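Notes follow once the structure below has been shown.
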Amino acid sequence: MNRKFPLQPLLELMQERSDAATRRLGELVAAEQSARSRLQLLQDYRAEYLQKFEQAQRQGLSLQAWQNYQDFLAKIDTAIQAQREQVERSAQDTAAGQAHWQVQNRQLKAIDTLANRHRHRLQQQENRQEQKLTDEFSNRRHLRPPHEAE
């Protein structure tokens, strides 16, 4: 039996692909978390700005100041919507990356299973060979004439 696993190059390639998919998935998850964090910051900033606007309204605002607050809130709302879209795209990228990672890991596991079976067969073959040698040695020892035993 061939002692070397014939699919070793494929196993190594699958390991590299799995590692690359794992790294890429990590990058995608980090990018999604970053996008969600930016969205939360924008939403928090809008809430603070709206609170300042409401406070300024209670104290009295000129028409120009009121318009400036409204314009700025509209710009923040536009930025929030754009960031929501970015979060959605990022979530889709992460889902695709996770699916790719799962495929790569399934392929690696399949090849790795074959490699383990190959190693197991080799171990069984070695065990049988050792047992055969042990049996032969034992048989020769017991079959020797008594004067040779001493």
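Bear in mind these aren't lab numbers, they're just calculated from the coordinates by the rules spelled out. From a predicted model like this one, the values you see are computed outputs, not experimental measurements. Note: ideal-geometry Cβ built from the backbone for every residue, glycine included; neighbour counts use all protein chains shown.
Of the residues 68, 118, 57, the one whose Cα sits farthest toward the positive end of the charge dipole of the chain, with +1 on the Cβ of Lys and Arg and -1 on the Cβ of Asp and Glu, is 118. Taking 116, 105, 68 in turn, the Gaussian network model of the chain (Cα-Cα springs below 10 Å) assigns the largest fluctuation to 68.
For the chain, modelled as a GNM whose springs connect Cα atoms under 10 angstrom apart, the maximal fluctuation among 31, 20, 65 occurs at 65. Exposure proxy ranking for 72, 5, based on other Cβ atoms within 10 angstrom of each Cβ and starting from the fewest, stands as 72, 5. Extension gain for the segment residue 102 to residue 85, taken as residue separation times 0.36 nm less the Cα-Cα distance, is 3.5 nm to one decimal. All other residues whose Cβ lies under 13 angstrom from that of residue 26 are scored, Lys and Arg at +1 and Asp and Glu at -1, for a net of -2. Only Cα pairs under 8 Å and 6+ residues apart enter the sum, and on that basis the relative contact order of the chain stands at 46 percent. What separates the Cα centres of the range 101-123 and the range 11-66 is a distance of 41 Å.
Here the Karplus curve 6.51 cos²θ - 1.76 cosθ + 1.60, taken at θ = phi - 60°, turns the phi angles of the range 79-86 into couplings of 5, 5, 5, 4, 5, 4, 5, 5 Hz, with x standing for Gly and Pro. Where only DSSP H runs of four or more residues are counted, the chain gives -34000 deg cm²/dmol as its mean residue ellipticity at 222 nm, each run worth -39500 (n - 2.57).
Model label sites at residue 73 and residue 110, defined 7 Å from Cα along the beta-carbon direction, differ in position by 5.7 nm. Among the listed values [x] 10, 38, 34, 15, 2, 0; [y] 10, 29, 22, 16, 12, 7, 2, 0; [z] 10, 18, 14, 13, 11, 10, 8, 6, 5, 3, 2, 1, 0, the one computed from these coordinates for P(r) over Cα pairs in 10 Å bins from 0, in percent is [z]. As a proxy for reagent exposure, ranking 41, 28, 10 by other Cβ atoms within 10 Å from fewest up yields 41, 10, 28.
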